[in-house]
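Working notes for the structure below.
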Amino acid sequence: MTGARTGYSRPALLAAMAIVAGLATPVAAPVSAIAASPADVQKLLQTNACQKCALQDAKFGGGALHQANLTRADLSRADLAAATLSGAVLYKAILDQANLKGANLKEANLYKARLKGAELSRADLSAASLYKADFTGASLVKASLAEANFYKANLSGANLTGANLAEANLTQATLKRAILKDADLRNANPYKAILEGANLAGATMTGAVFYKASLKGADLRKVDARDANFQKVDFSGAVLMNADLRGANLRKANLSHANLTGAKLAGAILKGAIYCRTTMPDGRVANWQCPGKKK
């Protein structure tokens, strides 16, 4: 395998590692390491595998690590900007504060990986396995996440502005206070997901399945949610001003204290929805199901 993205061959990269280990004189190469173990870096470059390795602060920017096995490796603060990690195995790897901006992680396995505060803007994680991965506080601005599996993943406080989450599996994922402004959630599956306090203003979520999800206090202004499934969703305190909910299923949804001013509800299913201090599209306040009130 060669470093095609950088123009350096494997021998050149190995030479760079020899420099780090103090075994050779300096030569120009795109890979270096600061806190990483030189032996572990060399092992990775020679075998494309380095399980449980110490690769903290290593610099692999633009490197080719396609299908590399980095199971349980510690890549904290590593520079992997624009690196190719498609199909790589990063099972339980630690990537806290790593720089993966523009990296290719398509179909990579990040099962239970930790990416707290990581930089993943414009990275490609489409069809990646992100089961129970921790993206707390990570930046995924304009990242490609289509068809990715975020089952039970933690994205609390993550920034997913403009991210493509079309057909992504977000079942039981936690996205408390996450930013999803202008994100693409078409046909996504946030079943039972927790999006309390999340900012989804301007997001597109046509056909998405939010069944039993929690959107308490979420900002859903100007979302396009036509034909979405919001059955039994908790919208209490949410802002849905000017949202397009035409044809959406809001059966038994909790709309207590929600603001639907200017929302479009033509063809929406609202049977069994809960209204209490709910601001309706025309500005009227509905108290039909507040405690002590008759329907």
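Annotations for the structure displayed:
- Looking across the stretch 255-295, the residues that are among the small types (G, A, S), surrounded by 11 or more Cβ atoms within 10 Å (Cβ to Cβ) and farther than 22 Å from D224 by Cβ come down to S256, G272, A286.
- In the stretch 192-208, the residues that are on the phi > 0 side of the Ramachandran plot form Cβ pairs under 9 Å with partners that are buried (at least 21 other Cβ atoms within 10 Å of the Cβ) and among the acidic types (D, E), at six or more places apart or across chains, as follows: G197/D219.
- The residue of the stretch 219-262 that is nearest to L185 (Cα to Cα), among those that are in contact with an Asp or Glu (Cβ under 7 Å, 6 or more places away or on another chain) and small (G, A, S), is A225.
- Positions within the stretch 35-53 being of a type in the set (A, V, I, L, M), surrounded by 19 or more Cβ atoms within 10 Å (Cβ to Cβ) and either touching a helix residue (DSSP H, G or I) at 6+ places or on another chain (Cβ under 6 Å) or in a helix (DSSP H, G or I) (or both), in sequence order: V41, L44, L45
- Among residues of the stretch 162-180, those that are in a loop (DSSP other than H, G, I, E, B) and either surrounded by 21 or more Cβ atoms within 10 Å (Cβ to Cβ) or in contact (Cβ under 8 Å) with a residue 40 or more places away in the chain (or both), counted: 9
- Residue within the stretch 119-128 that is surrounded by 19 or more Cβ atoms within 10 Å (Cβ to Cβ) and within 18 Å of L200 (Cα to Cα) present: yes
- Some residue of the stretch 92-110 being buried (at least 24 other Cβ atoms within 10 Å of the Cβ) and within 23 Å of L220 (Cα to Cα): no
- When restricted to residues that are without any contact (Cβ under 8 Å) to a residue 24 or more places away in the chain and among the hydrophobic types (A, V, I, L, M, F, W, C), the stretch 39-72 contains 7.
The numbers here are math on the coordinates, done by the rules we state, and not lab data. These figures come from a predicted structure and were not determined experimentally. A quick note on method: Cβ atoms are made from the backbone with ideal geometry, for glycine too, and the neighbour counts reach across all protein chains shown.
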